[in-house]
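Notes for the one structure printed next.
The values are calculated or read from the model by the stated rules, or taken from the named source; none is laboratory data. Fair warning: this is a prediction, and the values are worked out from it, not measured in the lab. Don't worry about glycine lacking a Cβ; one is built from the backbone with ideal geometry, like all the others, and counts go over all protein chains shown.
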Amino acid sequence: MIKHSIIIPAYNEEAGIKGYLSNLTRFFDVKFPNYEIIVIDDGSKDSTVKEVKAVKSSKINCIKFSKNQGKGKALKYGFTQAQGNVVVFLDAGGDFPPKQISNFVKAIEQDKFDIAIANKWDKRSRVHYSLKRKIFSKIFSKINSILFKINFSDTQAGLKALNKKRTENIISKVENNGFVFDLEFLILASKNNLKIVELPVVLNWKNKKGGINLKTALKMFQQTLVLKKRFAK
Ligand code: UDP
Ligand code: MG
């Protein structure tokens, strides 16, 4: 029986996804052998799907969107396909060394928390990140703490673990399909009194062409204002 489902949204990730998936399968085979990895190819224009299929593991399931729909949409769909009761949302870029995933899985498995999220700003975190991204991250959190009165240091990191049964109702209500999905999910989870823990993280950020740029950042702020309107009702 599958206990752990790792959902990986992937958009133009041909550069590193094969190596990262190999590392992940090696880690999970030993640590949590009853797992599945669900890769959602979000309409990539490169050879992401080919690279995923080159990893020989019966644990990996690759689902392909015919066109690009956004990270949030990919996570949401992947979640509906998950069979395990511990669901891990994980970025495809290989920024998060696998070993630490244990801390996130255990926080859920021991039933202490419903959601465990990575916090780049924890004193114990080891983060290799560009200055531009650090500034953007800080501004984004500050705005959100004012707009939504939430107290997370970091809503956006691409490593989260969820108790499937306790979060499925909330995931189904998240409307944002892009990067603001994470924020909206956590606002809804807080409003529903779910138990959320922020954990330290090791992040070796790999700057990818087509990642978050000024255009994406502005879109995120604009979508955050849409959220504000929604929650003001
Ligand atoms: N992603 C996606 N659809 C998109 C954009 C991004 O599925 O339209 C995925 C991407 O492949 C990665 C995650 O979402 O797994 C985070 O995106 P990205 O790597 O661009 O962000 P960064 O690493 O710069 O924070
Ligand atoms: Mg990335």
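Entry remark, the range 83-96: residues being assigned to a loop (DSSP other than H, G, I, E, B) and under 14 Å from the mean Cα position of the chain (by Cα) number 6 in total. One residue stands out among those in the range 186-233 that are surrounded by 16 or more Cβ atoms within 10 Å (Cβ to Cβ) and of a type in the set (V, I, T): the one that is nearest to ligand 1 (Cβ to nearest atom), which is I212.
Between T155, T216, T224, T167, the distinction of being touching a Leu at 6+ places or on another chain (Cβ under 6 Å) and either within 16 Å of ligand 2 (Cβ to nearest atom) or at pLDDT 95 or above (or both) belongs to T155 only. Of all residues in the range 6-18, those that are in contact (Cβ under 8 Å) with a residue 40 or more places away in the chain and within 14 Å of ligand 2 (Cβ to nearest atom) total 9. If only residues of the range 10-31 that are under 17 Å from F104 (Cβ atoms) and within 19 Å of the chain's Cα centre (by Cα) are counted, the one that is surrounded by the fewest Cβ atoms within 10 Å (Cβ to Cβ) is N23. Consider the range 130-168 and keep the residues that are assigned to a loop (DSSP other than H, G, I, E, B) and more than 17 Å from the chain's Cα centre (by Cα). The one that is surrounded by the most Cβ atoms within 10 Å (Cβ to Cβ) is I150. Does the range 135-144 contain any residue that is under 23 Å from T216 (Cα atoms) and among the basic types (K, R)? Yes.
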